[in-house]
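K.L.:
One structure coming up, written as structure tokens, with questions to follow.
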Amino acid sequence: MDFSLTDDQINFKKMAIEFARRELNNDVKEREKNSEFNMDGWKRCAGFGVQGLSMPEKYGGLGLDILTCILTMEGLGYACRDSGLLFAVNSHIWTCESPILKFGTDEQKEKYLPALINGALVGGHAMTEPDYGSDAYGIKCKAEKKGNKYILNGTKMFITNAPIADILLIFAVTGDKKGFAGISVFIVEKNFHGFSVGKPLDMMGLKTCPIGEVILEDCEVPEKNKLGKEGAGSAIFNSEMEWERSCLFATHLGAMEKELEECVSYAKVRHQFGKPIGKYQSISNKIAEMRVRIELSRLILYKAAWMKAQGKRAPIESAISKLFISESYVENSLEALQIHGAYGYSTELDFERHLRDSIAGKIYSGTSEIQKNIIASFLGL
Ligand SMILES: Cc1cc2nc3c(=O)[nH]c(=O)nc-3n(C[C@H](O)[C@H](O)[C@H](O)COP(=O)(O)OP(=O)(O)OC[C@H]3O[C@@H](n4cnc5c(N)ncnc54)[C@H](O)[C@@H]3O)c2cc1C
């Protein structure tokens, strides 16, 4: 087993750190306060190549191997203080671009991928409904075939990027089959008749990422915008979730590294009772545990991503990776805040923001409880 990284991989991470510091952090506190999406930052990310890291050069992407993509994302997570922007970019890549690349027709790929990669279009996906979250295959949104169109009716909830999205992959029930086999997925453009979005939802964290409701009222979708076959929606959803659970959390790993560095520095300079707080074992133990969680997060993240890159299925590894990294980010953020005392609790520093943002990771892409169900189901439970 070879754990070494190539010079290129190391350089991509470094370049991502420099890029984020230079171009993504301006006015970040103000935007956080105003729940404002950074469209200029989105375009800068596209200019740097973020939206196309893993996409083929043929469509304008960089065609990088998955480990290099992950290291680049780690670099962004480390240096970019706008995690809402990074979350928007990640959702766009893993839940929209990636499934179109994998399951789209040539016509769909040529129509949508170049513009998704160069940042002209914003994408996302919509499975969750007001009454169906974890029970995703129970959704009620209906797609009825009429001539060469499908007519979609239903409501989607908590959809990342919805308020700014140009296209969304919408999951809906087709035909009479219920559950897993009854779901299909459609590429829906914001201008399609019958498509509308509600105003952005006010969430606890990820304040700079627009999240909203999607309303489909007799929404007309041309048949050619069906992604994959009728009834293949759940399999496509599972495939994108595996990718997302394997790769999205690289930005969390980067964020945890930054928190750790700041805790180590602070523990050396903050004196109480005549010595640095890092000399108290309750503080140094917290820091050591943070470091352990980062190391283990890195190992499982790289393993899950490596398996996906080999073309293997990785349902258990991606579930373990998602579960462990998201929970670790919450624990590390709590400890980082505690180590910084009242300064940590103040909004002047970034730890309370990390904590709010990290909690979302326990819910999206399938909750922690659902990841445990997946892992247990592979053990026959
Ligand atoms: C920031 C954010 C972004 C999101 N973006 C998107 C998006 O872009 N597209 C999209 O489609 N959805 C999105 N979601 C929705 C997300 O996928 C759902 O929130 C998630 O699947 C959980 O569904 P729910 O919130 O309805 O909770 P519920 O399913 O109602 O669950 C409530 C609680 O019960 C637990 N629970 C439920 N079923 C079980 C079970 N079988 N066993 C054990 N425990 C169980 C859950 O773990 C949870 O703790 C987003 C959510 C968030 C927070």
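K.L.:
Quick check on the stretch 341-368: of everything there that is open to solvent by 60 Å² or more (accessible area, probe 1.4 Å) and under 18 Å from the mean Cα position of the chain (by Cα), which residue is nearest to the ligand (Cβ to nearest atom)?
P.N.:
Once the filter is applied, the top-ranked residue is Ile363.
K.L.:
Within the set of pairs 6+ apart or on separate chains, which have a first residue in the stretch 120-133 that is among the polar types (S, T, N, Q), a second that is near the ligand (Cβ under 8 Å from one of its atoms) and open to solvent by 10 Å² or more (accessible area, probe 1.4 Å), and C-beta atoms under 7 Å apart?
P.N.:
Thr128/Met157; Thr128/Phe158
K.L.:
Scan the stretch 206-250 residue by residue and report those that are within 13 Å of the ligand (Cβ to nearest atom) and part of a strand (DSSP E or B).
P.N.:
Ile211, Gly212, Glu213, Val214
K.L.:
Looking only at the stretch 65-88, decide whether some residue is more than 18 Å from the chain's Cα centre (by Cα) and farther than 24 Å from Phe186 by Cβ.
P.N.:
yes
K.L.:
Specify which of the listed residues (Ala88, Ala79) is more than 16 Å from the ligand (Cβ to nearest atom), in the same structural domain as Trp42 (by TED's automatic domain parsing) and touching a residue at least 40 places away in the same chain (Cβ under 8 Å).
P.N.:
So the residue among Ala88, Ala79 that is more than 16 Å from the ligand (Cβ to nearest atom), in the same structural domain as Trp42 (by TED's automatic domain parsing) and touching a residue at least 40 places away in the same chain (Cβ under 8 Å) is Ala79.
K.L.:
Within the stretch 258-274, identify whether any single residue is modelled with pLDDT of 95 or more, within 16 Å of the ligand (Cβ to nearest atom) and within 24 Å of the chain's Cα centre (by Cα), and answer yes or no.
P.N.:
Scanning the stretch 258-274, I find no residue that is modelled with pLDDT of 95 or more, within 16 Å of the ligand (Cβ to nearest atom) and within 24 Å of the chain's Cα centre (by Cα), so the answer is no.
The values are calculated or read from the model by the stated rules, or taken from the named source; none is laboratory data. Keep in mind that this is a model prediction, so the values were computed, not measured. When we count neighbours, we look across all protein chains shown, and the Cβ atoms used for this are built from the backbone with ideal geometry, even at glycine. Surface accessibility is based on the protein's heavy atoms, side chains included, excluding ligands, DNA and RNA. Shrake-Rupley method; radii C 1.70, N 1.55, O 1.52, S 1.80 Å.
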